[in-house]
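Engineer: Before anything else, here's the structure in question.
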Amino acid sequence: MARSLTAAHRRDLITGSAIVVIGVVYFIATFSIQRTNDIVTPATFPAIVGVALIVLGAVLVAQSLLARSTPAEAAPGLPATDVTAASETSGSTTSAGITDDGTTSAGESVDGASSAGETGVIIAAPPEPKSKQVALQFALFFVYLAILIPVGFLLSTAAFLMGLTSIYAPDRWIRNLVFSVVFAVVVYVAFVYGLAVYLPAGILG
Amino acid sequence: MDTLVDLGNGFATALQPASLAFALLGVLLGTVVGVLPGIGPISAIAILIPVSFGMEPMHGLILLCGIYYGSMYGGSITATLIKTPGEVSSAVTAIEGYEMARKGRAKTALATAAIGSFLAGTLAIIGLTFLSPLLVQLATVFGATEYFLLMATALLLASTMSSGSRVKALISVFIGLAVGLIGLDFQTGLPRQTFGISLLSDGIDFTIFAMALFAIPEAIRNLALGRGGKEEIQRFGDEKWMTKEDWKRSSGPWARGSVLGFIIGVLPGVGPSLASFMSYIMEKRISKRKDEFGHGAIEGVAGPEAANNAGVGGAMVPLFSLGIPGSATTALLLFVFTMYGLQPGPLIFREESGLIWAIIASMYIGNIALIVLNLPLVGVFVKLLKMPKELLFSAILVLVTIGAYAIEFSLFGLMLLGLFGVFGYLMEKGGIPLAPSILALVLVPLLEDNFRRMLQISGGSFLPLLTRPVSLSIIILMLLGIIAPIVVRWWIRRRQILMDFTVV
């Protein structure tokens, strides 16, 4: 369980740092907003938001670093530690290492469910897919978005659906093909003739 | 009395064939989409908003309200039979209802959920009917200061009351604000945060952002997971719906859940999900059969489901009467109002009173339709659970793409959809909840506008926040709102009840 704790904190460390970077970029971008003579200039609000993102990201980083060195002591001082805090005071069936900050990753909540036993309301987090698979799915999606207008809705959609379903269930290619073509045609007809949303005709048009 | 007259007129409109048809269609469509595993009310509305683009405002709004509570009910079917909550609010049902289903009592679990939802939903709409006009009168003394405060409260509560890390929920709020500020400043017309990209000066479309966050990560995740680990769908036999004993054991939780859910729902920034958890804890605490909880106690389904649906009605109160959404889902509805050029709040009750009362009346009808349609049709909905995942989620990707295309008609809009999809996926991976950012995005223009007006009137001083009586009362309530969850946490801790759930 100690291992998953550090994994979760490493995740927070990365998340927090990313938020700080976004905040800095966002804050710098406010410099190019033209200033006016109003009390609240157009740049005031964006600047507040940028600073807030930097601060909150930094807090997250600090939390993860503090919790890593002294997991048990750091917990009560941190704001949102429902589970950790609860398990500490109750001190009964649960160990302090169930979760880091109340938002569990897949592995931890499974651990948590077993050790929390009957007292807990624990919903197992959904399983995490492999990053490579996620990247592939996103890549296909972006290809689809890119070709939708030039190639047209019918062809690109049928191809996209065929691609996705065939990666998932290659053995059922006939069903996949029928689904891809029928779905594309039905949606096209429904939107163009039913809802008057004109989808790109592309090379067929 | 005026209220009853208005409501009567509302019914006259809502009972016209077209309105009635849209209410029924919404409820049915909502249930169907809500049943689909992994799709909760937020995703359902986000995906279906583009459908309402070409509609008359009243019909579009009636349809989407129907979709909202239809999908809540659909979600409880999914939670009960395959333990996949579409949203946090049905997470408790995924425990208690699923356990009941495993014991062959799926029908009873669904019946107590449906009847509880109907009763609680109707009570909440009655509450909405009579509380909204009162709030509207109160709101006439509200100025920029009060509105700014209320919206800030909504955002703050949305982050303190959510589960998990409050820092992360706040990050989500500020991400929503950051995205919302991109584009031309509406007061001076100056471009802001566009990073030199002129296409960004129109701002980020709300629907694109919502669809990207609430449909794409879930779809991609499921597609990338691939086959294997098939969910077990619980059998749905021909046992009795509800025995006398079940009725007896359900009625208390229904009543308590309704009241609790409505009150929590009315608070700005607190959606129905907290209501269902609070109800579960309460039922467990007062139950004589504590050991049954976690093993299929009917009270653990009846109470939370009632609270959940009462919360929906409660959340409509601040939305309709003040124009301030209490949750991500009502934020979507607020967006739909503004899309039609309507601004919920005191004005809408004066100027568009026919419209608003017709919507409220349609909710009564929709609630009845839910129970009339859904219990007999539940066998049909269950078949939807068997829909192959790859077909479902690839179809959803196509539907959101059409939605984004219908908004921008450009490659740029499509790319924004994809990029925010990636961003949403990374947010989820980092444990940052998505819902608060939607709420923040929809509130940005109002929040900033009132912030500016407040300071312009006072000449740059924040003092009016404390000197105006109404504003001061809100501040006091706001402080209570921050203290209350701490007390609740302490109380939960004492009860040794663990709560932990992940936003799915």
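The values are calculated or read from the model by the stated rules, or taken from the named source; none is laboratory data. Since we're looking at a predicted model, the values are computed, not measured. Virtual Cβ from ideal backbone geometry, glycine too; neighbours counted across all protein chains shown. Note: areas computed on protein heavy atoms with side chains; ligands, DNA, RNA excluded. Shrake-Rupley method; radii C 1.70, N 1.55, O 1.52, S 1.80 Å.
Engineer: Summarise the partner chain shielding of B:399-411 as one whole number: the mean count of Cβ atoms from other chains within 10 Å of each residue's Cβ.
Structural biologist: Working: counts 3, 1, 9, 10, 1, 2, 9, 6, 1, 0, 5, 1, 6.
The per-residue average across the peptide is 4.
Engineer: To continue, here is another question. I need to check one value: relative contact order of segment A:131-204, counting alpha carbon pairs closer than 8 Å and at least 6 residues apart, in percent.
Structural biologist: Numbers: 60 pairs, mean separation 30.0, N = 74.
Relative contact order here is 41 percent.
Engineer: Next question. Could you report the accessible area of residue B:377 in Å², rounded to 10, computed with a 1.4 Å probe on the protein chains as they sit in the structure?
Structural biologist: That residue has around 60 Å² of solvent-accessible surface.
Engineer: What residues qualify as long-range amide H neighbours of residue B:184, i.e. H under 5 Å apart, gap of 5 or more or another chain, H built at 1.01 Å from N?
Structural biologist: Answer set, sorted by chain and number: B:192, B:203.
Engineer: Shape call for segment A:131-204 from the C-alpha gyration tensor, a ≥ b ≥ c root eigenvalues: rounded (a/c under 1.5), prolate (a/b greater than b/c) or oblate?
Structural biologist: Values: a/c = 2.43, a/b = 1.44, b/c = 1.69.
It is oblate, given that a/c is not under 1.5 and a/b is not larger than b/c.
Engineer: What figure in square angstrom, to the nearest 10, would you give for the accessible area of residue A:27 with a 1.4 Å probe?
Structural biologist: Here the residue's solvent-accessible area equals roughly 60 Å².
Engineer: Which value results for Rg/Rh of chain B when Rg is the Cα radius of gyration and Rh the Kirkwood radius based on the inverse mean 1/r?
Structural biologist: Values: Rg = 21.8 Å, Rh = 22.9 Å.
Using only Cα positions, Rg/Rh for chain B is 0.95.
Engineer: Then there's this: For the residue pair residue B:186 and residue A:173, what label-to-label distance in nm results when each label sits 7 Å from Cα along the Cα-to-beta-carbon direction?
Structural biologist: With each label placed 7 Å out from Cα toward Cβ, I get 5.4 nm.
Engineer: To continue, here is another question. Can you give me the relative contact order of chain B as a percent, contacts being Cα pairs under 8 Å and 6 or more apart? Display every interim value, and only then the final one.
Structural biologist: Values: 919 pairs, mean separation 135.1, N = 504.
RCO, chain B: 27 percent.
Engineer: What whole number of Å gives the distance from the Cα centroid of segment B:181-260 to the Cα centroid of segment B:99-175?
Structural biologist: 14 Å
Engineer: Can you work out the Karplus-derived ³J(HN,Hα) for every residue in segment B:203-216? Use 6.51 cos²θ - 1.76 cosθ + 1.60 with θ = phi - 60°, whole Hz, and x for glycine or proline.
Structural biologist: In residue order, the calculated couplings are x, 8, 5, 4, 5, 4, 4, 5, 5, 4, 7, 9, 10, 5 Hz.
Engineer: Here's something else I'd like to know. To the nearest 10 square angstrom, how much accessible area does residue A:155 have with a 1.4 angstrom probe?
Structural biologist: 80 Å²
Engineer: Let me ask you something else. If you line up the long axis of helix B:389-408 against the longest principal axis of chain B, both from Cα atoms, how many degrees apart are they, to the nearest 10?
Structural biologist: 20 degrees
Engineer: Follow-up. Holding the Cα-Cα limit at 21 Å, pick out from B:83/B:107; B:103/B:389; A:132/B:429 the pairs that are longer than that. Display every interim value, and only then the final one.
Structural biologist: Values: B:83/B:107 15 Å; B:103/B:389 26 Å; A:132/B:429 14 Å.
Cα-Cα > 21 Å for B:103/B:389; rest within.
Engineer: With r defined as the distance between the Cβ atoms of residue B:244 and residue B:15 and R0 fixed at 35 Å, what FRET efficiency is calculated, to the nearest 0.05? Numbers along the way, then the final one.
Structural biologist: Values: r = 35 Å, r/R0 = 1.01.
FRET efficiency, residue B:244 to residue B:15: 0.50.
Engineer: Starting from the residue with the highest accessible area, list A:172, A:35, A:11 in decreasing order, probe 1.4 Å.
Structural biologist: Details: A:172 105, A:35 125, A:11 45 Å².
Sorted descending by solvent-accessible area, the residues read A:35, A:172, A:11.
Engineer: If you don't mind, another one. Could you rank B:247, B:241 by how accessible they are, 1.4 Å probe, largest area first? Before the final figure, lay out each step's value.
Structural biologist: Details: B:247 115, B:241 90 Å².
If we order B:247, B:241 from most to least accessible, we get B:247, B:241.
Engineer: Given the pairs B:244/B:284; B:168/B:288; B:168/B:386; B:240/B:383, which are separated by over 31 angstrom at their Cα positions? Numbers along the way, then the final one.
Structural biologist: Working: B:244/B:284 21 Å; B:168/B:288 38 Å; B:168/B:386 35 Å; B:240/B:383 20 Å.
Checking Cα-Cα distances, B:168/B:288; B:168/B:386 exceed 31 Å.
Engineer: So how many Å³ per residue does the convex hull of the Cα atoms of segment B:108-152 work out to?
Structural biologist: Details: hull volume 3.0 nm³, N = 45.
Roughly 67 Å³ of hull volume per residue.
Engineer: Shielding by partners for B:55-61, please: the mean number of other protein chain Cβ atoms within 10 Å of each residue's Cβ. Before the final figure, lay out each step's value.
Structural biologist: Numbers: counts 1, 0, 0, 0, 0, 0, 0.
Average per residue, whole number: 0.
Engineer: In what sequence, largest accessible area first, do B:3, A:165 appear using a 1.4 Å probe? Display every interim value, and only then the final one.
Structural biologist: Values: B:3 25, A:165 0 Å².
Ranked list, largest accessible area first: B:3, A:165.
Engineer: Here's something else I'd like to know. Ignore the peptide's own chain and count Cβ atoms of other chains within 10 Å of each Cβ in A:42-53; give me the average, rounded. If you can, show how the numbers build up before the last one.
Structural biologist: Values: counts 13, 5, 4, 10, 8, 0, 5, 13, 5, 1, 6, 6.
Counting Cβ atoms of other protein chains within 10 Å of each residue's Cβ and averaging gives 6.
Engineer: Place a +1 charge on the Cβ of each Lys and Arg in chain B and a -1 charge on the Cβ of each Asp and Glu, then give the dipole magnitude about the Cα centre in debye, rounded to the nearest 20. Each step should come with its number before you reach the end.
Structural biologist: Details: 34 positive and 30 negative charges, 349 e Å.
So the magnitude is around 1680 debye.
Engineer: Further question: Each residue of segment B:374-381 in order: what ³J(HN,Hα) in whole Hz does its phi give by Karplus 6.51 cos²θ - 1.76 cosθ + 1.60, θ = phi - 60°, with x for Gly and Pro?
Structural biologist: These are the phi-based 3J(HN,Hα) values: 7, 5, x, 8, 4, x, 5, 4 Hz.
Engineer: Work out the FRET efficiency for residue B:466 and residue B:377 from their Cβ-Cβ distance, taking R0 = 51 Å, and round it to the nearest 0.05. Walk me through the intermediate numbers first.
Structural biologist: Values: r = 55 Å, r/R0 = 1.08.
Efficiency computed from Cβ-Cβ geometry: 0.40.
Engineer: Any chance you could check the Cα centroid distance between segment B:275-304 and segment B:438-479 for me, in angstrom?
Structural biologist: Spelled out, the Cα-based centre of one part sits 40 Å from the other.
Engineer: Could you tell me which of B:61, B:43, B:72 has its Cα farthest along the dipole of segment B:20-131 towards the positive end, charges placed at Cβ (Lys, Arg +1; Asp, Glu -1), taken about the Cα centre?
Structural biologist: Final value for the positive-end residue is B:72.
Engineer: Whole angstrom only: what separates the Cα centroid of segment B:398-427 from the Cα centroid of segment A:149-179?
Structural biologist: If you average the Cα positions of each part, the centres end up 19 Å apart.
Engineer: For helix B:244-266, what angle does its Cα long axis make with the longest principal axis of chain B, in degrees from 0 to 90 and rounded to 10?
Structural biologist: Taking the Cα atoms of chain B, the angle to B:244-266 is about 10 degrees.
Engineer: Roughly how many debye, to the nearest 20, is the charge dipole of the protein assembly as shown about its Cα centre, given +1 on each Lys and Arg Cβ, -1 on each Asp and Glu Cβ, and no other charges? Provide the component values of the computation, followed by the final result.
Structural biologist: Values: 43 positive and 42 negative charges, 251 e Å.
Dipole magnitude for the protein assembly as shown comes out near 1200 debye.
Engineer: In nm, give the distance between the simple-model label positions of residue B:480 and residue A:10, each being 7 Å from the Cα along the Cα-to-Cβ direction.
Structural biologist: The two pseudo-label positions are separated by 4.8 nm.
Engineer: Helix B:17-35 sits at what angle to the longest principal axis of chain B, using alpha carbons and giving 0 to 90 degrees rounded to 10?
Structural biologist: Computed tilt is about 70 degrees.
Engineer: Taking the Kirkwood radius as the inverse of the mean 1/r across Cα pairs, report the Rg/Rh of the protein assembly as shown.
Structural biologist: Working: Rg = 24.3 Å, Rh = 25.8 Å.
Answer for the protein assembly as shown: 0.94.
Engineer: Provide the per-residue ³J(HN,Hα) series for segment B:425-430, in order, calculated from phi with Karplus coefficients 6.51, -1.76, 1.60 and θ = phi - 60°, each as a whole number of Hz, with x at glycine and proline positions.
Structural biologist: For segment B:425-430, the Karplus curve yields 4, 5, 4, 4, 5, x Hz.
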